[in-house]
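Here's the structure, in structure tokens; my notes come after.
The values are calculated or read from the model by the stated rules, or taken from the named source; none is laboratory data. Since the structure is predicted, the reported quantities are computational estimates derived from the model, not experimental observations. Cβ: placed from backbone, ideal geometry, glycine included. Neighbour counts: every protein chain shown. Just so you know, the surface numbers come from the protein's heavy atoms only, side chains and all, with ligands and any DNA or RNA stripped out. Shrake-Rupley method; radii C 1.70, N 1.55, O 1.52, S 1.80 Å.
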Amino acid sequence: MAFQEIVAPTLRDLFVRQIIDMIFSGELRVGEKLPTERDMAKKMNISRSMVHIGLEDLSRMGFVRIEPRSGAYVTDYSKTGNFETLGAIVRYSGGKMSEELNISMVEARNALEGGAMVRLSLTHTEEDIRRLREMVAALDAAARDGAPLKQLAEIMRDFHVELTRMSGNILFPLLLNSFNDVSLGLWENCVSFWGADTIVQQENRLIDLLENGKGREAALYIENIFEHYLDAHDMHR
């Protein structure tokens with residue numbers, strides 16, 4: 001049995017979490033002006049400096065807009081957010097993502113990998129193909145050794161990041177890496193749903209398509225895998 005370290009949240013985290021919860025629940029609406037820092041500090045029984053720092057965090061995450069000499073306003077994070085917003089959504093929801101967010105994340109991953117595979121199918125070297133097959137072999141060996149789900153998911157994730165890196169597009173792996181902290185649960189779900197043996201077969205099929213210059217077919221292949229996953233879980237776009 002694996003125990004995880006218990007870390008108590010800071011006052012800063014608690015303040016940010018409360019504001020985000022109020023935004024998600026609709027208690028705070030887009031465009032609404034927040035109370036002054038002094039008022040929030042008094043109501044929440046924390047220092048004004050802690051409120052100020054927390055608001056700066058929320059602004060950086062795309063949840064509020066700070067206007068000098070006017071105050072802080074709730075923003076539409078779908079328009080003003082960034083990758084840090086995504087991390088905050090997952091972090092402050094206990095790591096549990098909504099169905100909509102899960103679907104959106106996998107669609108984004110498929111789009112990135114699809115573009116990467118089209119490039120890689122045209123530019124790959126023998127060393128690239130050998131490296132990808134080694135990574136799949138490592139996944140297979142780890143599964144046969146009884147490795148925990150998280151480890152298998154990490155190997156699978158690393159395979160797909162490496163695939164985008166090999167494409168030669170500088171941004172593809174950087175963007176995919178931006179999902180690392182919040183997407184591990186998705187990779188775990190994939191391994192749990194398909195099983196390691198099927199995952200190994202799927203990855204080897206992708207490599208075969210890439211090796212034979214069929215990048216668009218490879219992109220369509222992962223899209224079809226995703227559609228199957230959605231249907232099996234009764235999830236809809």
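Going through region 194-211 one residue at a time, which ones are free of Cβ contacts under 8 Å to residues at least 40 places away in the same chain and of a type outside the set (K, R)? Matches in region 194-211: W194, G195, T198, Q201, Q202, D208. If you check N180, N82, N110 for being touching a Gly at 6+ places or on another chain (Cβ under 7 Å), under 29 Å from R60 (Cα atoms) and surrounded by fewer than 19 Cβ atoms within 10 Å (Cβ to Cβ), only one passes: N82. Among the criteria (1) in a helix (DSSP H, G or I); (2) touching a residue at least 12 places away in the same chain (Cβ under 8 Å), the one G168 does not fulfil is (1). Could you pull out the residue among E162, E154 that is open to solvent by 40 Å² or more (accessible area, probe 1.4 Å) and not in a loop (DSSP other than H, G, I, E, B)? Within the list E162, E154, the selection yields E154. Residues in region 141-151 that are small (G, A, S), surrounded by 14 or more Cβ atoms within 10 Å (Cβ to Cβ) and part of a helix (DSSP H, G or I): A142, A143. The set of residues from region 25-70 being free of Cβ contacts under 8 Å to residues at least 40 places away in the same chain and open to solvent by 90 Å² or more (accessible area, probe 1.4 Å) comprises E27, R38, K42, K43, N45, R48, R60, R65, P68, R69. The helices (runs of 4 or more DSSP H) located wholly in region 175-237 that include 3 or more residues which are under 15 Å from I155 (Cα atoms) occupy 180-194, 196-211.
For region 122-136, the count of residues that are assigned to a helix (DSSP H, G or I), open to solvent by 50 Å² or more (accessible area, probe 1.4 Å) and under 24 Å from I103 (Cα atoms) is zero. Taking G146, is it over 27 Å from A196 (Cα atoms) and of a type outside the set (D, E, K, R)? Against the criterion (over 27 Å from A196 (Cα atoms) and of a type outside the set (D, E, K, R)), G146 does not qualify. Inside region 185-223, residues that are under 22 Å from R131 (Cβ atoms), within 16 Å of the chain's Cα centre (by Cα) and open to solvent by 20 Å² or more (accessible area, probe 1.4 Å) make up a count of 1.
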